[in-house]
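K.L.:
Pasting a structure here, questions to come.
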Amino acid sequence: MHQKTPISRRMFLRSKQSITVGVAFLNWLVEREVDLQDLSQSDLDDWVAGRNTTRLVAHRFLNLARRSRLVNTDLKMARHRRGTASRMSLAEQRQANADLSDAEAMDLRDRAAGVLVLVFGQRVEDIVRLTWSDVTITPASVTIRLAGMSLPIPSPFDDLWRQLRQTPRHQQTAAHPNSTWIFPGQKPGQPVNPDHLANRLRQHLQVRAARLGALNELTKLAPVTIAAEALGYAPPTLERHTVGSGATYARYIANVKAMGQPPLPRQAAASSPNGS
């Protein structure tokens, strides 16, 4: 990490998780009165059995301990694999969408950020970098540019964004003179810190589960390459969500043929988030 500048938020969070789970594992051993040098395979099996899959992150610590000869080098633990995190079901997403429509439930700016998570599967670190130049508002529609492609914000959330544009809180202050950030932060001229925004959203929304649930649905609507380009993801990343959702491009084409319609053109296919 010292050799990389800057360190990405995801790299930082991954390292933080490794340390947190490693400490939790050592504390668990202390509770069981097991010295690290006496760690057995049955201890490892008990650690992971019937527990949250996040416990498998301890394999990173175990690898270090084996290389350092702190434990038996024959010990094994399954690797924590991506794609095992929980996702919001479609029913849960619909309920969350209804909650975002409640003006009394959340701050207006937090609701706007929640829309980008729930409807477009956007990462918080990407959301905070958006400016008002990425948004086009007309009487007929509201579009937002993600990864270079403009996508329509569906009703009723388009009115939420119109309201946000007319409520330029923090926009014209000493810290943010003539700021164009949609989500300005406390530091002069800087957007809000991603962790701060994520913590605010977590008071009302399971952010990661919501984002993964949205991607799970979005990969059913268009070919992976189109969806990836529109949403700012690498195609292999969305391909994993495609496999997880049971959607494939072949199935997409089959569904289109069954409806007796030609495949969607690139722009139209990419601009149909959550069926809108």
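The values are calculated or read from the model by the stated rules, or taken from the named source; none is laboratory data. No experiment lies behind these values; they were computed from the predicted model shown. All Cβ positions, even for glycine, are placed from backbone atoms using ideal geometry, and neighbour counts span all protein chains on display. Accessible surface is based on the protein model in full, side chains and every heavy atom, while ligands, DNA and RNA are left aside. Shrake-Rupley method; radii C 1.70, N 1.55, O 1.52, S 1.80 Å.
K.L.:
Between LEU108 and GLU31, what FRET efficiency comes out of the Förster formula 1/(1 + (r/R0)^6) with R0 = 45 Å and r the beta carbon distance, rounded to 0.05? Please list the in-between numbers first.
P.N.:
Working: r = 46 Å, r/R0 = 1.01.
E(calc), rounded to 0.05, equals 0.50.
K.L.:
Here's something else I'd like to know. Using modelled amide H (1.01 Å from N, peptide plane; none on Pro or chain starts), what sits under 5 Å from the amide H of GLN122, excluding residues fewer than 5 places away?
P.N.:
Amide H neighbours of GLN122: VAL117.
K.L.:
What ranking of TRP28, TRP161 comes out by heavy-atom accessible area, probe 1.4 Å, highest first? Present the calculation step by step, with values, prior to reporting the outcome.
P.N.:
Working: TRP28 30, TRP161 0 Å².
Final ranking, largest accessible area leading: TRP28, TRP161.
K.L.:
Quick one: if you stick a label point 7 Å off each Cα along the C-beta vector at SER89 and GLN186, how many nm between them?
P.N.:
With each label point 7 Å from Cα toward Cβ, the separation is 4.0 nm.
K.L.:
Roll a 1.4 Å probe over the protein heavy atoms and report the accessible area of ASP45 in Å², nearest 10.
P.N.:
Taking all protein chains as shown, ASP45 has close to 80 Å².
K.L.:
Spelling out what I want: for every residue of the range 113-125, take phi, set θ = phi - 60°, compute 6.51 cos²θ - 1.76 cosθ + 1.60 (Karplus), and round to whole Hz; glycine and proline get x.
P.N.:
5, x, 4, 5, 6, 6, 8, 10, x, 7, 7, 4, 5
K.L.:
Another question about this same structure. What residues qualify as long-range amide H neighbours of LEU146, i.e. H under 5 Å apart, gap of 5 or more or another chain, H built at 1.01 Å from N?
P.N.:
Amide H neighbours of LEU146, under 5 Å, 5+ apart: LEU151.
K.L.:
Using Cα positions and a limit of under 17 Å, work out the aspartates and glutamates in reach of LYS187, with same-chain residues fewer than 8 apart set aside.
P.N.:
Straight-line reach from LYS187, under 17 Å: GLU125, ASP195.
K.L.:
How far is it, in nm, from the label point at ASP46 to the one at LEU75 when both lie 7 Å from their Cα along the line to the Cβ?
P.N.:
1.3 nm
K.L.:
Give the separation of the Cα centroids, the range 24-67 to the range 138-167, in Å.
P.N.:
After rounding, the separation between the Cα centres reads 48 Å.
K.L.:
From the backbone phi of the range 104-109, what are the Karplus-calculated ³J(HN,Hα) couplings (6.51 cos²θ - 1.76 cosθ + 1.60, θ = phi - 60°) in whole Hz, Gly and Pro given as x?
P.N.:
8, 7, 9, 4, 4, 5
K.L.:
Full-extension gain between SER15 and TRP132, please, as 0.36 nm times their residue separation minus the C-alpha to C-alpha distance.
P.N.:
38.8 nm
K.L.:
Ordering LEU70, LEU36 by how much accessible area each has at a 1.4 Å probe, largest first, what is the list?
P.N.:
LEU70, LEU36
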